[in-house]
Amino acid sequence: MMKWFLCVTLLFSCVTLIALGCGDSSSSGRSAGDSPGQIRIGMMPKLIGISFFDAAERGAQEAAQELQVKLIYDGPTSDSAEEQAGLVNTWAAQGFDVIAVAPNDPDAIASKLADAKATGATVLTWDTDANPEKSGRELFINHTPNQGMADTLVDMMVAGAGEGGQLKGKFIIVSGTQTAANQNAWMALMIPILEQQHPECELLPTLYPSEDQSKALEQTAAALDAHKELKGIWAITSVALPAAAKAVRDVGRQDEVCVTGLSLPSLMDEYIKDGTIEQFALFDVEDLGYLTVFVAHQLTQGPIAVGTHDFGRVKGVTVTEDGQVILGNPVVFNKDNIDDYRF
């Protein structure tokens with residue numbers, strides 16, 4: 001009888017300890033695999049499940065392994081500001097050391113980032129910035145200077161559709177969401193260039209299909225049908241450019257409509273090689289994810305000075321006085337170099 005009693009008592013004690021252990025892990029936001037004192041970084045894309053942010057995750061995970069930090073890479077399944085806000089709140093409550101967000105709506109997320117900072121988290125933005133003052137973000141990990149991207153977009157269109165170096169006729173931009181700060185910044189810089197240097201370029205109302213390739217294809221096809229004289233399409237998100245290229249190819253207007261913009265080599269390979277488009281631009285997306293984690297880790301050790309820095313394998317990164325960490329200049333892809341890139 002005594003042996004039975006001791007066995008039951010020991011079993012009850014073990015169950016209690018296990019339950020307490022699980023409760024501690026949940027409340028702290030740590031998992032069984034976390035090391036004591038390990039830096040925890042929450043990195044949030046605009047949405048998960050598209051090639052652009054998949055590539056960024058590969059670079060981020062590479063950096064996390066090098067630095068031996070705990071990286072949680074997660075986000076909404078659609079470009080939802082509300083879902084992003086909820087996840088920021090969760091990570092802040094779990095005591096994450098760093099929270100890095102690519103905002104869908106820079107204004108909507110700013111107060112949530114400020115709240116997270118108030119809990120003791122270091123707050124960053126990447127890919128797209130939030131309001132620096134309202135969000136309290138430490139740094140913005142930016143892929144390219146905005147002016148450099150705007151210049152590149154215009155130059156590529158001039159090369160493809162220019163007449164004597166001039167853009168003449170009707171052109172259209174296919175963006176993402178109306179609140180996407182990076183696309184909006186590029187367009188804001190492109191428009192004065194077009195007005196001043198290409199006065200015969202008529203820019204039609206911008207299309208906003210969100211980060212949805214099917215919607216981008218549908219809206220671009222409708223624009224092609226409505227404007228038989230369309231000369232060029234700038235598609236400036238990773239999903240919009242392959243959609244625009246397909247729309248033009250589907251109606252056999254490759255020789256009439258110049259399509260260019262921003263996307264991944266892996267998504268544009270077939271359209272480059274079949275001649276639907278001649279060139280497009282972007283940056284190394286894996287390097288952007290890698291850089292974000294390296295900067296996040298370094299900020300847990302102390303501030304990063306203005307100037308030029310090396311972060312792991314990414315060299316010559318510029319940190320500006322206004323709190324930007326700039327990866328580098330845009331990369332222009334064409335049939336001669338597209339096979340050199342794997343993302």
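Arg137 passes every criterion in (1) in the same structural domain as Thr320 (by TED's automatic domain parsing); (2) outside any helix (DSSP H, G or I); (3) free of Cβ contacts under 8 Å to residues at least 24 places away in the same chain apart from (3). The helices (runs of 4 or more DSSP H) located wholly in region 221-339 that include 3 or more residues which are in contact with a strand residue (DSSP E or B) (Cβ under 6 Å, 6 or more places away or on another chain) and hydrophobic (A, V, I, L, M, F, W, C) occupy 240-250, 285-299. Just name the residue that is surrounded by the fewest Cβ atoms within 10 Å (Cβ to Cβ) out of those in region 120-132 that are over 18 Å from Asn184 (Cβ atoms) and of a type outside the set (Val, Ile, Thr). Step by step, filter region 120-132, then rank; the result is Gly120. Looking across Ala102, Ala116, Ala93, one residue alone is at pLDDT 95 or above, surrounded by fewer than 17 Cβ atoms within 10 Å (Cβ to Cβ) and in the same structural domain as Gln61 (by TED's automatic domain parsing). It is Ala93.
Residues that are part of a loop (DSSP other than H, G, I, E, B) and either at positive phi or of a type outside the set (Lys, Arg) (or both) within region 155-178 comprise Gly162, Gly164, Gly165, Leu167, Ser175, Gly176, Thr177, Gln178, listed in sequence order.
Taken over region 39-58, the criterion of being surrounded by 23 or more Cβ atoms within 10 Å (Cβ to Cβ) and in contact with a Gly (Cβ under 6 Å, 6 or more places away or on another chain) is satisfied by Met44, Pro45, Ala56.
Results for (1) buried (at least 17 other Cβ atoms within 10 Å of the Cβ); (2) without any contact (Cβ under 8 Å) to a residue 24 or more places away in the chain; (3) of a type outside the set (Val, Ile, Thr), shown as yes or no for each residue.
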| residue | (1), (2), (3) |
| --- | --- |
| Phe294 | yes, no, yes |
| Leu299 | yes, no, yes |
| Gly302 | no, yes, yes |
| Ala305 | no, yes, yes |
| His309 | yes, yes, yes |
| Val314 | yes, no, no |
| Thr318 | no, yes, no |
| Val325 | yes, no, no |
| Asn329 | no, no, yes |
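In the condition set (1) at negative phi; (2) buried (at least 22 other Cβ atoms within 10 Å of the Cβ), Gly261 is compliant with all but (1). Take the conditions (1) over 24 Å from Gly136 (Cα atoms); (2) in a loop (DSSP other than H, G, I, E, B); Ala63 misses just one of them, which is (2).
Just the residues that are of a type in the set (Gly, Ala, Ser) and either modelled with pLDDT under 95 or part of a loop (DSSP other than H, G, I, E, B) (or both), please, taken from region 186-215. Ser210, the sole residue that qualifies. The number of residues in region 54-74 that are touching a Leu at 6+ places or on another chain (Cβ under 7 Å) and not polar (S, T, N, Q) comes to 6.
In summary, Ala180 fulfils each of the numbered conditions (1) of a type in the set (Gly, Ala, Ser); (2) more than 24 Å from Thr77 (Cα to Cα); (3) crowded, with 20+ Cβ neighbours inside 10 Å with the single exception of condition (2).
Just one of (1) more than 25 Å from Val319 (Cβ to Cβ); (2) in contact with a Leu (Cβ under 6 Å, 6 or more places away or on another chain) fails for Ala85. It is (2).
The values are calculated or read from the model by the stated rules, or taken from the named source; none is laboratory data. Owing to the predicted nature of the structure, the values given are computational and were not obtained by experimental measurement. Cβ: placed from backbone, ideal geometry, glycine included. Neighbour counts: every protein chain shown.
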